[in-house]
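> Please find one structure pasted underneath; my questions will follow.
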Amino acid sequence: MGPMDLKQISPDQVVFWEWKFISLNATLLFTWIVMALMVVAAWLITRNLTSDTRISRWQNLLEVLVENMRNEIREIGREDSRSHLVFVGTLFLFILVCNLLQVVPGYVPPTASLSTTAALAIAVFVSVPFFGILSRGFRGYFTQYLRPSPLMLPFNVLGELSRTLALAVRLFGNIMSGTKVAAILVALAPLFFPIVMHLLGLLTGVIQAYIFSVLAMVYIASATRARAEREQQGAGSTKPRKGRPSGG
Amino acid sequence: MLINWFTMGAQLLNFLVLMVLLKKFLYDRIIRAMDEREKKIASQLEEADRKRQSADARQEEIAAEKKELDKTRETLLAEAREAARKEKEALQEEARQAVDALRQRWVDALEQEKEAFGKRIRESAARQVFAVAQKALEEMAGETLQDRVVERFIRRIQAMDETEKQALSQAPAAEPAAVAVVRSARAVPAEKQREITQWLTREIHPDLDVEYQPEEALGVGIELRISGKKVSWTLHQYLEELEERVLEALDEEGPGRAAPETGRDHRDNFEAEEDS
């Protein structure tokens with residue numbers, strides 16, 4: 001059936017070409033295909049955008065997607081940030097398209113590879129301090145690891161790491177298992193049941209894309225929003241408290 | 001190991017590239033289009049609002065203009081009505097004056113006519129009265145009356161003053177053979193004849209020849225003629241004098257007393273005519 005057999009857990013193991021440590025495997029191939037599809041579709045649709053009140057269905061689809069993502073991000077992050085939209089929205093759309101293309105025979109979702117999910121989790125892991133520092137400053141961001149007391153530093157750091165790991169493994173496990181179950185069922189009962197499992201896989205894929213991106217947004221928001229909350233608290237009576245960290 | 005480190009790094013890079021491409025081709029363009037549409041709709045709404053406001057203002061303006069027009073029309077109508085009323089009153093007044101003038105003229109004419117008629121009536125009545133009186137007196141005249149006339153005549157000539165006597169005596173002087181003629185309807189009694197002749201020869205001329213002639217036309221009365229000069233007393237003459245004096249008296253006091261009464265009568269008549 002597909003390029004993978006049942007014993008291969010990750011599409012990384014399907015290697016088309018290899019030179020030293022550089023290998024062109026199924027994960028990268030399908031990722032590029034997905035990327036190409038997304039970019040070409042976006043380009044085709046946004047080529048003829050109109051600001052009129054009558055718009056094409058494709059434009060309407062993209063506007064609905066973008067508008068809803070903006071609303072979700074605004075609700076979670078309490079601010080309307082274009083960079084948040086670009087990062088979290090791309091995460092969501094990429095994972096969503098990767099997962100939905102499961103219905104295409106012979107396709108293996110790149111998200112079924114732990115390398116891909118780890119890469120995305122690392123992107124989130126890096127983007128959290130990136131956006132945090134961008135909005136709160138270097139010191140402001142890192143002092144939050146010392147709260148409520150410096151003793152909590154190791155736990156905070158561990159928390160960062162573990163949640164990144166959880167992100168990666170959750171997505172990988174769900175998608176990989178989904179594809180595996182579908183493949184096994186196709187082998188056992190080629191009629192009817194694979195369709196049900198595919199439907200389940202589509203549902204899981206959409207849910208996982210949503211969970212991954214919402215969690216990423218929550219992490220980013222917690223890194224950036226702490227400042228806003230403290231500013232709200234300190235608006236009245238926290239002058240000495242504000243002076244201490246800047247003095248030390 | 002499930003993680004291929006190269007693949008992971010490549011996927012990280014792929015993700016970054018995808019992010020950049022989608023930002024360029026998807027997010028920026030879509031958001032720009034949406035913002036533009038939003039702005040457009042907002043401006044259209046604003047435009048619509050402005051138009052509505054201007055329409056409202058125009059409507060108010062038109063309503064105010066209409067009100068003003070109504071007011072002006074009312075004023076004009078009221079003025080026209082007032083003018084018509086005044087014109088009517090003026091015309092009525094004019095007509096009334098014209099009618100009054102006509103009536104006055106008619107009343108005056110009527111009054112004059114009535115006065116003249118009254119005067120004619122009075123004069124004719126007086127004349128009739130005297131005519132009847134004269135006729136009656138003449139028919140009833142007897143010896144006694146004639147005697148009284150002669151007696152009165154004698155007293156008259158006896159009472160003459162010098163100038164009258166002179167006037168009578170002048171005439172025979174120019175004409176020596178003068179004759180004094182005494183005429184009367186009935187013959188003068190002899191003793192009265194003697195008395196008259198005696199007075200004439202004594203007072204006028206001693207040679208005067210006195211003749212007595214009957215004259216029917218004289219009626220009750222007696223006449224003395226001495227060559228053209230005449231002294232007489234007749235009932236006819238007496239009544240004429242009396243009549244003249246009566247008519248004079250009537251003319252003097254008649255209109256003064258009669259005019260108001262006749263005037264009132266006219267007015268009453270006129271008003272009675274108006275009522276009917």
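Every read-out reported here was derived from the displayed coordinates using simple, explicitly stated rules and does not represent laboratory data. These figures come from a predicted structure and were not determined experimentally. Don't worry about glycine lacking a Cβ; one is built from the backbone with ideal geometry, like all the others, and counts go over all protein chains shown.
> Per-residue mean of other chain beta-carbon atoms within 10 angstrom of the beta-carbon, peptide A:45-53?
Details: counts 4, 9, 2, 0, 7, 3, 10, 4, 4.
The shielding value for this peptide is 5.
> Then there is this: Could you give the DSSP H helices of chain A that reach 30 angstrom or more along their long axis (alpha carbon positions) and whose average Kyte-Doolittle hydropathy is no lower than 0.0?
Details: long enough: A:26-47 (31 Å, 1.92); A:114-136 (32 Å, 1.67); A:153-188 (51 Å, 1.21); A:193-237 (64 Å, 0.71).
Span-like helices here: A:26-47, A:114-136, A:153-188, A:193-237.
> Taking every eigenvalue of the Cα gyration tensor of chain B, multiplying by 5 and rooting it, what semi-axes result, largest first, whole Å? All intermediate terms of the calculation are to be shown ahead of the outcome.
Values: eigenvalues 4244, 70, 19 Å².
After diagonalising the Cα gyration tensor, the semi-axes are 146, 19, 10 Å.
> Who wins for biggest fluctuation among A:87, A:212, A:172 in a Gaussian network model of chain A, springs between alpha carbons below 10 Å?
A:87
> Right, something else. Just counting partner chain Cβ atoms within 10 Å, what average do the residues of peptide A:66-77 show around their Cβ?
Numbers: counts 7, 3, 0, 1, 4, 0, 0, 0, 0, 0, 0, 0.
So the per-residue partner count for this stretch is 1.
> Between residue A:25 and residues 5 or more places away or on another chain, which pairs have amide H atoms under 5 Å apart, with H built 1.01 Å from N, and which residues are they?
A:16
> Hey, what's the Kirkwood Rh for the protein assembly as shown if you take every pair of different alpha carbons, in angstrom? Numbers along the way, then the final one.
Numbers: mean 1/r = 0.0262 Å⁻¹.
With all distinct Cα pairs of the protein assembly as shown included, I get 38.2 Å.
> A further question follows. Could you sort the peptides A:39-49, B:50-60 by per-residue average Cβ neighbour count (10 Å cutoff), highest mean leading? Show your work: numbers first, answer last.
Working: A:39-49: 15.5, B:50-60: 10.0.
Ranking the peptides A:39-49, B:50-60 by packing returns A:39-49, B:50-60.
> Using only the C-alpha atoms of chain A, find the volume of their convex hull and express it per residue in Å³.
Numbers: hull volume 44.7 nm³, N = 248.
In chain A, the Cα hull volume divided by residue count equals 180 Å³.
> Once you have the alpha carbon radius of gyration of segment B:1-144, what is it after dividing by 2.2 N^0.38 Å, with N set to its residue count? Spell out each step's value before the answer.
On the way: Rg = 60.2 Å, N = 144, 2.2 N^0.38 = 14.5 Å.
Computed over Cα atoms of segment B:1-144, the ratio equals 4.14.
> Let me ask something else about it. Please order A:31, A:204 by the number of other Cβ within 10 Å, starting at the fewest.
On the way: A:31 27, A:204 18.
The fewest-first ordering by Cβ neighbours comes to A:204, A:31.
> Now for a different question. In deg cm²/dmol, rounded to 500, what helix-only [θ] at 222 nm does the protein assembly as shown give when every DSSP H run of at least 4 residues adds -39500 (n - 2.57) and the total is split over its residues?
Working: 14 runs with 396 residues, N = 524.
Counting only the DSSP helices, I get -27000 deg cm²/dmol.
> Could you grab the relative contact order for segment B:143-227? Cα pairs under 8 Å, six or more apart, rounded to a whole percent.
Details: 103 pairs, mean separation 36.9, N = 85.
Computed over segment B:143-227, the figure is 43 percent.
> Treating only the Cβ atoms of Lys and Arg (+1) and Asp and Glu (-1) as charged, compute the dipole magnitude of the protein assembly as shown about its Cα centre; round to the nearest 20 debye.
On the way: 67 positive and 72 negative charges, 1959 e Å.
The dipole of the protein assembly as shown has a size of about 9420 debye.
> For chain A, with a Gaussian network of springs between Cα atoms less than 10 Å apart, report the residue from A:75, A:160, A:18 with the top mean-square fluctuation.
Judging by the Gaussian network model, the answer is A:18.
> So, one more: Which value in Å does the Kirkwood hydrodynamic radius of segment B:143-227 take, with 1/r averaged over all unlike C-alpha pairs and then inverted? All intermediate terms of the calculation are to be shown ahead of the outcome.
Numbers: mean 1/r = 0.0760 Å⁻¹.
When all Cα pairs of segment B:143-227 are included, the Kirkwood radius is 13.2 Å.
> So which lysines can residue A:7 reach, going by Cα to Cα under 25 Å and dropping same-chain residues fewer than 8 places off?
Within the straight-line limit of under 25 Å, residue A:7 reaches these lysines: A:20, A:180.
> Considering only DSSP beta bridges with both partners in segment B:143-227, what is the antiparallel share in %, to the nearest 5? Let's see the in-between values first.
Working: 5 of 11 bridges.
Percent antiparallel among DSSP bridges in segment B:143-227 is about 45.
> Which whole-Hz couplings ³J(HN,Hα) result when phi for each residue of segment B:15-32 is put into the Karplus expression 6.51 cos²θ - 1.76 cosθ + 1.60, θ = phi - 60°, listed in order with x for Gly and Pro?
Ordered by residue, 3J(HN,Hα) equals 5, 4, 4, 4, 4, 5, 5, 5, 4, 6, 8, 10, 4, 4, 5, 5, 5, 4 Hz.
> Need one number: % antiparallel among DSSP beta bridges in the protein assembly as shown, to the nearest 5. If you can, show how the numbers build up before the last one.
Numbers: 15 of 21 bridges.
Beta bridges within the protein assembly as shown, antiparallel portion: roughly 70 percent.
> Here's something else I'd like to know. Shielding by partners for A:115-125, please: the mean number of other protein chain Cβ atoms within 10 Å of each residue's Cβ.
Numbers: counts 11, 9, 4, 8, 11, 4, 1, 5, 5, 0, 0.
Average per residue, whole number: 5.
> Here is a further query. Would you work out which of A:35, A:45, A:146 lies farthest towards the positive end of the dipole of segment A:11-247? Charges go on Cβ: Lys and Arg +1, Asp and Glu -1.
After comparing all options, I get A:146.
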